[in-house]
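No value in this document is a laboratory result; all are computed from the given coordinates. All values derive from a computational prediction rather than experimental measurement. Using ideal geometry, Cβ is built from the backbone for each residue, glycine included, and neighbour counts are taken over all protein chains shown.
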Amino acid sequence: MVEPQVGGSYSELRDLAQWAEDQGIDAFARSDHFLDQDDSAPSTDALTTYGGLAEATNSIQLVVLVTPLTFRHPAVIAKTATTLDEMSGGRFALGVGTGWMQSEHDAFGLDLPPLAERFDRLGETLGYVRAAFTSNEGFAGRYYHLDPIDVLPRPTNVPIVVGGGGPKKTPTYAGQFADEYNLFVTDRPALEERIGVMRSAAAAAGRSADAVTVSLAGPVVVAADEASYRAVLERRGARRGQTADEYEAFLEHLNVPHGTPEAASASIELLRSIGIGRYYVQEFRDLASIDTSALARSYSILRS
């Protein structure tokens, strides 16, 4: 998962997606922001770039994590998603969230309603998109409506991803509507609580909770041997004003895969045991500075 709002061109994004596909990675994800909080680095539009990546790649899944509902009307979201589905041969996954960055909305003159309203709009957006994808019954809500028409073309396969860290509404919507529920790394009690809410909501909606993949996004801190791993801990810990041991405890608390191959494997198995089915390795830096050789070593360790 990359964050192009901190800097990056389409060609750099394309090269990274092609690299990820060549590595055999399951999915390539990016955020959807128009600018970063602190600067004005070049930032591309997420859904437009996926039109290019649909043509530039062949097999990797293309995931947006996540598009804010404040950027686009649900009709535009649904139509764009089905178009990307056709262009990619069923490889696009649509992530939707409430939006949150006030400075971004202020800069572009976009409305950012109060959080409670945004959550209400999120529920309606998900209901609208699901109706557009699967039925001709239409949708009627307080904020959005869709006439009972056939919205064509129907997608062949557009998984809906609901992303966010809230303890109640986000996992509830995920259980009701999503194929994937995405969170950032957090502590185990919070993970278990949110997964439990999602599963209960799925059951109440007559859906199988097992049909909803739970995914995490976050860093990995892995190295081939103990000495190399300790060096990484010391370097990264120093950036946070922490000792190596303090930084390692921080990683452990947030369930970040870390350590030598054996320890990293144990981290992954722990995540699997509490219901996590996918982990997005998040690279929060400008695209030009991402070291794919270092990433390749990390993925090799994780696979082992």
Within region 46-80, tally of residues that are under 20 Å from the mean Cα position of the chain (by Cα), closer than 21 Å to Glu21 by Cα and not aliphatic (A, V, I, L, M): 8
Strands (runs of 3 or more DSSP E) wholly inside region 159-251 that include at least 3 residues being hydrophobic (A, V, I, L, M, F, W, C): 160-163, 213-218
In region 19-33, residue surrounded by the most Cβ atoms within 10 Å (Cβ to Cβ) [restricted to those that are of a type in the set (A, V, I, L, M) and outside any loop (DSSP other than H, G, I, E, B)]: Ala29
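Each row is one residue, and each column tells you yes or no for (1) touching a strand residue (DSSP E or B) at 6+ places or on another chain (Cβ under 7 Å); (2) part of a loop (DSSP other than H, G, I, E, B); (3) free of Cβ contacts under 8 Å to residues at least 40 places away in the same chain.
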| residue | (1), (2), (3) |
| --- | --- |
| Glu104 | no, no, no |
| Leu110 | no, yes, no |
| Glu124 | no, no, no |
| Ala131 | yes, no, yes |
| Pro153 | no, yes, no |
Residues of region 34-87 that turn out to be outside any loop (DSSP other than H, G, I, E, B) and of a type in the set (Gly, Ala, Ser), as a count: 8
Those residues of region 253-304 which are in a strand (DSSP E or B) and either without any contact (Cβ under 8 Å) to a residue 24 or more places away in the chain or aromatic (Phe, Trp, Tyr) (or both), in sequence order: Tyr279, Tyr280
Hits in region 165-174 - residues which are under 23 Å from Leu62 (Cα atoms) and either in contact (Cβ under 8 Å) with a residue 40 or more places away in the chain or buried (at least 23 other Cβ atoms within 10 Å of the Cβ) (or both): Thr170, Pro171, Tyr173, Ala174
Residue among Arg240, Arg236 that is crowded, with 17+ Cβ neighbours inside 10 Å, basic (Lys, Arg) and either farther than 26 Å from Ile195 by Cα or in contact with a Gly (Cβ under 7 Å, 6 or more places away or on another chain) (or both): Arg236
